[in-house]
Amino acid sequence: MRLILLGAPGSGKGTQAKNIAEKVGITHVASGDLFRAAATRGDELGNQAKHYMEQGLLVPDEITIKMILERIDAPDCSKGVMLDGFPRTLEQAKALDQALGDKKLKIDRVFYINVSTDELVRRLSGRFICRKCQAPYHKVSSPPKKEGVCDKCGGELYQRADDTPETVRKRIDVYTKETSPLIDYYNKAKKLVEIDGEGNIDSITKNIIAALP
């Protein structure tokens, strides 16, 4: 199975991608992890990706596609793959389909974890991180024992600039504009399954598994 999991920041996409991959015995491929690994590997593709990342720029589609295809050609992906964080745009989706088609392969199903904007803002704007050990907290779902202090190392907890409510809404708006054409594309291809992302983690995982091809 070759699967794609779509979802806005704060939708729980990364958690679900990892859960599904483990439960059905396929490999979880997260684009962010892929970029970081490539940047430290030092090969040609990795150095190209690192060049853009260091400047705070998006890695161009051509390089990203090559990295994704190289990764899913690896032996540990032979039983299947769950793509997390890719594709992000319609152009990437079309390029991926063409590249897979050249190998007589295809994407089998695309899951979109749908969470309301208000709920995404609540989740993301409540996040705090320890300055020392980077442990994550949430003021509602996983608060520290003592406000502003890390349970693990006693470090100071802070909120990242991109986790304020105003910034979160802007990030969600950008994601929605980028992803709407992508959702339409997979919907027309009859590959899209929309999943309610506002239940508990286990029930969302079960709903995704129930909709597998």
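Could you list all residues from segment 96-155 that are aliphatic (A, V, I, L, M), in a strand (DSSP E or B) and touching a Lys or Arg at 6+ places or on another chain (Cβ under 6 Å)?
Taking segment 96-155 first, the residues aliphatic (A, V, I, L, M) are 96, 99-100, 105, 107, 110, 113, 115, 120-121, 124, 129, 135, 140, 149.
When the remaining residues are screened for being in a strand (DSSP E or B), the result is 110, 113, 129, 149.
Within segment 96-155, Val110, Ile113 meet the criteria.
Of all residues in segment 21-30, at least one satisfies being touching a residue at least 40 places away in the same chain (Cβ under 8 Å), on the phi > 0 side of the Ramachandran plot and not in a helix (DSSP H, G or I).
The residue of segment 157-179 that is nearest to Leu120 (Cα to Cα), among those that are more than 17 Å from the chain's Cα centre (by Cα) and of a type in the set (A, V, I, L, M, F, W, C), is Ala161. Pairing residues of segment 194-211 that are touching a residue at least 40 places away in the same chain (Cβ under 8 Å) and under 24 Å from Asp184 (Cα atoms) with residues that are part of a loop (DSSP other than H, G, I, E, B) and small (Gly, Ala, Ser), at Cβ distances under 8 Å and at least 6 apart in sequence or on separate chains, gives Ile195/Ala211; Gly197/Ser11; Gly197/Gly12; Glu198/Ser116; Ile204/Gly12; Ile204/Gly197.
Going residue by residue through segment 144-156, is there one that turns out to be touching a Pro at 6+ places or on another chain (Cβ under 9 Å) and under 26 Å from Ile209 (Cβ atoms)? No: segment 144-156 contains no residue that is touching a Pro at 6+ places or on another chain (Cβ under 9 Å) and under 26 Å from Ile209 (Cβ atoms).
Listed here are the residues, each with its yes/no results for (1) surrounded by fewer than 16 Cβ atoms within 10 Å (Cβ to Cβ); (2) at pLDDT 90 or above.
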| residue | (1), (2) |
| --- | --- |
| Asp162 | yes, no |
| Glu166 | yes, no |
| Ser180 | yes, yes |
| Ile183 | no, yes |
| Asn187 | yes, yes |
| Val193 | no, yes |
| Ile201 | yes, yes |
| Ile204 | no, yes |
| Ala210 | yes, yes |
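Scanning segment 13-22 for residues that are under 13 Å from the mean Cα position of the chain (by Cα) and small (Gly, Ala, Ser), we see that the one that is modelled with the lowest pLDDT is Gly14. When Gly10, Gly56, Gly25, Gly32 are checked against the criterion of being closer than 23 Å to Lys170 by Cβ and modelled with pLDDT of 85 or more, a single residue qualifies: Gly10. Taken residue by residue, segment 107-114 has at least one member that is surrounded by 18 or more Cβ atoms within 10 Å (Cβ to Cβ) and in contact with a Ser or Thr (Cβ under 7 Å, 6 or more places away or on another chain).
Conditions (1) of a type in the set (A, V, I, L, M, F, W, C); (2) free of Cβ contacts under 8 Å to residues at least 40 places away in the same chain, marked per residue:
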{"residue": "Leu105", "(1), (2)": "yes, no"}
{"residue": "Ala135", "(1), (2)": "yes, yes"}
{"residue": "His138", "(1), (2)": "no, yes"}
{"residue": "Leu157", "(1), (2)": "yes, yes"}
{"residue": "Lys177", "(1), (2)": "no, yes"}
{"residue": "Ile183", "(1), (2)": "yes, no"}
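Only one of the listed residues (Leu45, Leu58) is of a type outside the set (D, E, K, R), part of a loop (DSSP other than H, G, I, E, B) and either farther than 21 Å from Ile201 by Cα or in contact with a Gly (Cβ under 9 Å, 6 or more places away or on another chain) (or both). That residue is Leu58.
Take Glu119 and decide whether it is under 20 Å from Ile201 (Cα atoms) and among the charged types (D, E, K, R).
Against the criterion (under 20 Å from Ile201 (Cα atoms) and among the charged types (D, E, K, R)), Glu119 qualifies.
Within segment 115-126, if we keep just the residues that are surrounded by 18 or more Cβ atoms within 10 Å (Cβ to Cβ) and among the β-branched types (Val, Ile, Thr), the residue that is nearest to Ala189 (Cα to Cα) turns out to be Val115.
The values are calculated or read from the model by the stated rules, or taken from the named source; none is laboratory data. No experiment lies behind these values; they were computed from the predicted model shown. All Cβ positions, even for glycine, are placed from backbone atoms using ideal geometry, and neighbour counts span all protein chains on display.
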